[in-house]
């Protein structure tokens, strides 16, 4: 289905980095969800470059909702949001019509689209398209919150610096705090060190990667499927669309490869009338289905591939070796910007899974 | 879509651990693919418990293809394979009607299906169902091989022991060798140590996890989509169905979170007429689309949750704390058995992605 | 998606006319639906040839449910039903390996599957496959009835004879009566004349078509979508799979092409607290969404293409003109057998539409 | 999937009648298809009201393609077209906030969306949305033509007047001529009588229905699936979204219900090296799969439900009987405008079916 994802609640993306606008269509959202344009704007701000650790291209993201909202609430019919591109500088990209930036999709896009794709600024492959995901994701986040389901993500690692772990926090308070922060860390001291590391890499014409850790509270047990549409599988499917994400793990994740069963099983116990587990090595999912504990996962974000240093590459239109020095404006890190994209994508997937289980109206509270 | 996965080439699973049989329907496979029942049987053998490092339940997996094959070749219409269950011992599971095994899906299945699911042996959640995936996956593997696309997986880590990495091998030779092995390691010495570690855990009533590393050679560039149906997303979606998998990473994966862009970009160069990269930190995928390099990914497999030690849990039908000691027959590790499931799932996903790009007949060579 | 249909509740078909068995997988049905094997058997009887107006091939349809039912109720996991083929006489079909029966899919199947399809008895194109649809459809019909939703179909026209119309009946009583009848007419006198017309055609080595009229009572308002997944579109999509159906119309259907708006609008009125319409020219659907009135549609069934008279055709393997005289055993009419297939397909579609709107559990009443 | 239709080539619709704009996203179209904005504009003209037989609301349809086209050709990434609404007069609709127009979706929309939908001018249910379908359909029509596949539709019946049938024409010439006409009839004399009948109904504050007949030449054999995704089922699914369509029939359609097999089978013969049939009672489809003959189907279009006469209805917000007299501007017939929507929808479905069979690039000719 390519640029559409979801079954009951689906999002469709369109637009290119240097076209007139990008956008998204959110279909299947329950009717009656309050839409707060201020909240959408704030979410877009979280994704926007800022300070000296981001690209100089800054889009104002003056979005317009052109359908699906009436008198301040979702109608239940497709919600389309448009976001104009106003700060594209295509001239920077002219040499790239034929040169493959290492780590980018220039070459694969050329092969896949037989040379017909809009190559300026990465075209439809550009991270710019995630602004539209964030805009419709904000509606999904609002719908979930009205049902008591809260998502939050922090930068668990960046530039060799580790943030405090969710397991060391009061999770609801930590999520609330994170969702107010532009550089989302639990430990501000770690955040300062991360920004310094990003700035240091930038000063060397280089870039850094990072790791995001996400938690979701309030998700009821019983959501997800045993095969294929496991909660892990649905989330991972969508998360790997976030540019730069190269790994997704749930609960203990890769560390479980080194564990023993006696140490990694999550013992159940009754907490009042509720079934809970003492640990959460499974990240809130057993057999693909939510178990009522916080959903917990981590995403690996590779370093921004746009670095200032000269790189070896090919001219794919001529089939010849070439050297490439990127001009233009680039991010020395994207992990802090990717965080709100991860929240948005996760919200969309959870809305879909909940709508499938509970019907199209549940999220609207009608 | 729950128990069906795929768009052009789709697989549908059915069956429960202690029902009369399990099975799968493979739909959309190109007509004319040679079906070798001996190869299917051998693949099923790779998944079967063996030696002293596996459960004592051994199913003979006498499969029957009841449709979709005519005169030794796929017809292009749905291929259904049935595999009877003959060695189920439901009595072992009687106490589990209400007790949640930690790390298993008993409780989530109870919530999701409101108590109506077949709870014996995990029912439809059981790893037993993967035998059907392996059977139809064998057909997908054959179809790919006829087109020069080869998949192979080794146990990269298990019980604290590391195998040699794919990057240290001649990859085509390594894949060919692995696909003949029952305990798939590149370094037999490491394999012996792994088996010893498994046996040691078993002797203590415990279990171990592990990590699988997979490579695919021969995949053409240009397969996959920029958004949502990225090659990573499609594979991860399906891989998270393999019981026990809690993490999936491509190329450098989580290690990229610690890297710098200058060190993790893959420089392109011309190799004869072909575009190649000098490293493969991106695992053969740029922007969600294959770049012609080997596809490379790793899966984290958690320790088998069935351990002999007494565990705390709940009686979810009464809503009360309880203690659980598992009798029955269990695997002290499943990573060596999961390996062929990973190969099978990967083959099915790649057949689907190729069929979407190249049409329904390409894999059949018609 | 080919042989799988449905989003929340989906059915997957497999099997060929002369293979060992046919079957279907019903996925997404709510847990807790009572499964009555006697009712399934009775529904299969309605589809089976009978008397002197049907083919002499009579399959006993000894079905087996191999998954998805536990202690008499649906589990919520995939329900697979298998039906062995025991009365196939492939020798009758030997000349057909290369001769296209006019009106059948031999030639299109040859082209589509490049000569690899099982050509015996029509292979996977055979009406035989509908037995599996009827078996799983019976479960869907049961689930709907438990929610007060009743489907019934009668032979509105056959062999030039018209049955009474639904509009002249007490609809609930008419549906109840029809669902007990093997040759489903409202007016037994008309039914006798239809059977005589069928027999007359058979005596001349010929066949007749017919028209089925279906009504559904108890469907709540608000089911279906404004675009694409209209209730009409979903039903028509599935109904055109029923072999021989070449037209589907809702409410007034093609007669509306000749009408005026003043005469074909359905005036609304309050009936107690319920909104109803005085007429039902729209067949219970406005703008793709159910309006609470009975759903009403008709299907045109073409005459059985297998006639005894010699016919002109081609040998598609040699590319030459040929003459064909069908031996074998054939139906002089299928409209009376297609009726239960239409009911089954309709039930499956409605279960899917309801599950999407109301969630996965609504039909189970959990 | 609601407002998205298609598997390999998919279209997503959004927008409401009185919102700022409507639009569509076309995803999966092959890269390299020439996009002629003049042709799109002309197709939109065919849908636009004209003369005295249409509503007085005339939208200029100044569309904008905001993505997916680069240097005059499709890129292969999503093509989004936006069409502003500039002539909406919402005041006309104010009384309709609570009054159900008979034959319209006001009441079903109210129930489905719990009163949150935009009710002005029918909101998302409005025929206005079809302008977006026509715009993206024009791209699909262009892509098919470049491959020799031509679609054409004429008004077979309207206001009691019949046009000449396709079977009486030289089909390629007839399609070419129709595609240049604004009021698409084969016999201009019949067209004049139809327009007179429409005007007569309009003078009486009434409306008329009609029937469209469509033919497609050049479609290769082997497209479509035996079950569920039959060519008939795919087309009908989408066609029932066209507002007012209440019946779809292929080939002989409902007339086949009265026929005998000997008279309705299509005898095959060799025509040079090509397999053809002497008649086309099956409308170019056998067993759900195209047979190489022209695809032929008819759609019944009900009379426009907006009539000037006073009608009985209900106030659905208060639950009370009411009387309704429509002011506003309405079409006394839509069949002549629906024709280009039918062409557009058909083209989109065929592009999807061809892309699935032949791969994503076939239509682009790359």
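The values are calculated or read from the model by the stated rules, or taken from the named source; none is laboratory data. What you see is a predicted model; the values in this text were computed from it and never measured. We place every Cβ from the backbone using ideal geometry, glycine too, and count neighbours over all the protein chains shown.
For the stretch C:35-53, state whether one or more residues are more than 30 Å from residue C:195 (Cβ to Cβ) and in a strand (DSSP E or B). Among the residues of the stretch C:35-53, not one is more than 30 Å from residue C:195 (Cβ to Cβ) and in a strand (DSSP E or B), which makes the answer no. Within the stretch B:273-284, the set of residues being outside any loop (DSSP other than H, G, I, E, B) and within 8 Å of chain A (Cβ to nearest Cβ) comprises B:275, B:277.
Residue A:211 meets all of the listed conditions (1) assigned to a loop (DSSP other than H, G, I, E, B); (2) within 11 Å of chain B (Cβ to nearest Cβ); (3) under 21 Å from the mean Cα position of the chain (by Cα) but one, namely (1). Within the stretch A:342-366, residues that are on the phi < 0 side of the Ramachandran plot and at the interface with chain C (Cβ under 8 Å from one of its Cβ atoms) reach partners that are part of a helix (DSSP H, G or I) and surrounded by fewer than 23 Cβ atoms within 10 Å (Cβ to Cβ) with beta carbons closer than 6 Å, at six or more positions or on different chains, in the pairs A:360/C:357. Can you report the number of residues in the stretch A:71-85 which are crowded, with 23+ Cβ neighbours inside 10 Å, more than 8 Å from chain D (Cβ to nearest Cβ) and on the phi > 0 side of the Ramachandran plot? The qualifying residues number 0. Residue-level analysis places residue B:186 among those that are away from every other protein chain (no Cβ under 14 Å) and either surrounded by fewer than 19 Cβ atoms within 10 Å (Cβ to Cβ) or not in a helix (DSSP H, G or I) (or both). Tell me, which residue of the stretch B:9-34 that is assigned to a loop (DSSP other than H, G, I, E, B) and under 20 Å from the mean Cα position of the chain (by Cα) is nearest to residue C:114 (Cα to Cα)? Filtering the stretch B:9-34 for residues that are assigned to a loop (DSSP other than H, G, I, E, B) and under 20 Å from the mean Cα position of the chain (by Cα), the one nearest to residue C:114 (Cα to Cα) comes out as B:29. For the stretch C:14-43, filtering for residues that are over 15 Å from residue C:143 (Cα atoms), in contact with a helix residue (DSSP H, G or I) (Cβ under 7 Å, 6 or more places away or on another chain) and buried (at least 24 other Cβ atoms within 10 Å of the Cβ) leaves 5. Considering only residues in the stretch D:312-325 that are surrounded by fewer than 22 Cβ atoms within 10 Å (Cβ to Cβ) and assigned to a loop (DSSP other than H, G, I, E, B), the one that is nearest to the other protein chains (Cβ to nearest Cβ) turns out to be D:319. Can residue C:118 be described as surrounded by fewer than 24 Cβ atoms within 10 Å (Cβ to Cβ), in contact with a strand residue (DSSP E or B) (Cβ under 6 Å, 6 or more places away or on another chain) and either within 14 Å of chain D (Cβ to nearest Cβ) or closer than 28 Å to residue C:41 by Cα (or both)? In short, no. Can you pull out every residue in the stretch D:195-208 that is within 12 Å of another protein chain (Cβ to nearest Cβ) and either outside any helix (DSSP H, G or I) or free of Cβ contacts under 8 Å to residues at least 60 places away in the same chain (or both)? Correct list: D:197, D:200, D:204, D:205, D:206, D:207, D:208.
Test residue D:309 against the criterion of being in a loop (DSSP other than H, G, I, E, B), touching a residue at least 12 places away in the same chain (Cβ under 8 Å), within 24 Å of residue D:101 (Cα to Cα) and within 7 Å of chain C (Cβ to nearest Cβ), and give yes or no.
Criteria met by residue D:309.
Out of D:103, D:6, D:68, one residue alone is within 14 Å of chain C (Cβ to nearest Cβ), crowded, with 19+ Cβ neighbours inside 10 Å and under 22 Å from residue A:67 (Cβ atoms). It is D:6. For the criterion of being at the interface with another protein chain (Cβ under 7 Å from one of its Cβ atoms), touching a strand residue (DSSP E or B) at 6+ places or on another chain (Cβ under 6 Å) and within 30 Å of residue B:200 (Cα to Cα), residue A:300 fails.
For the stretch D:132-151, filtered to residues that are within 21 Å of residue D:45 (Cα to Cα) and either without any contact (Cβ under 8 Å) to a residue 60 or more places away in the chain or surrounded by fewer than 24 Cβ atoms within 10 Å (Cβ to Cβ) (or both), the residue that is nearest to the other protein chains (Cβ to nearest Cβ) is D:142. Taking first residues from the stretch C:217-230 that are without any contact (Cβ under 8 Å) to a residue 40 or more places away in the chain and partners that are surrounded by fewer than 24 Cβ atoms within 10 Å (Cβ to Cβ) and not in a loop (DSSP other than H, G, I, E, B), no Cβ contact under 9 Å between residues at least 6 apart in sequence or on separate chains turns up. Each residue in the stretch B:259-281 was checked for being without any contact (Cβ under 8 Å) to a residue 12 or more places away in the chain and in contact with a strand residue (DSSP E or B) (Cβ under 7 Å, 6 or more places away or on another chain), and 4 pass.
In the set (1) crowded, with 24+ Cβ neighbours inside 10 Å; (2) within 25 Å of residue A:73 (Cα to Cα), the condition left unmet by residue A:123 is number (2). The residues of the stretch C:161-183 that are in contact with a strand residue (DSSP E or B) (Cβ under 8 Å, 6 or more places away or on another chain) and not in a helix (DSSP H, G or I), listed by number, are C:162, C:163, C:165, C:179, C:183. When the stretch A:214-238 is filtered for residues that are surrounded by fewer than 24 Cβ atoms within 10 Å (Cβ to Cβ) and more than 7 Å from chain B (Cβ to nearest Cβ), the ones remaining, listed by number, are A:217, A:218, A:220.
Here is a yes/no grid of residues against (1) modelled with pLDDT of 95 or more; (2) outside any helix (DSSP H, G or I); (3) under 22 Å from residue B:351 (Cα atoms); (4) within 18 Å of the chain's Cα centre (by Cα):
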| site | (1), (2), (3), (4) |
| --- | --- |
| D:328 | no, yes, no, no |
| D:331 | no, yes, no, yes |
| D:336 | yes, no, no, yes |
| D:339 | yes, no, no, yes |
| D:343 | yes, no, no, yes |
| D:346 | yes, no, no, yes |
| D:350 | yes, no, no, yes |
| D:354 | yes, no, yes, no |
| D:360 | no, yes, yes, no |
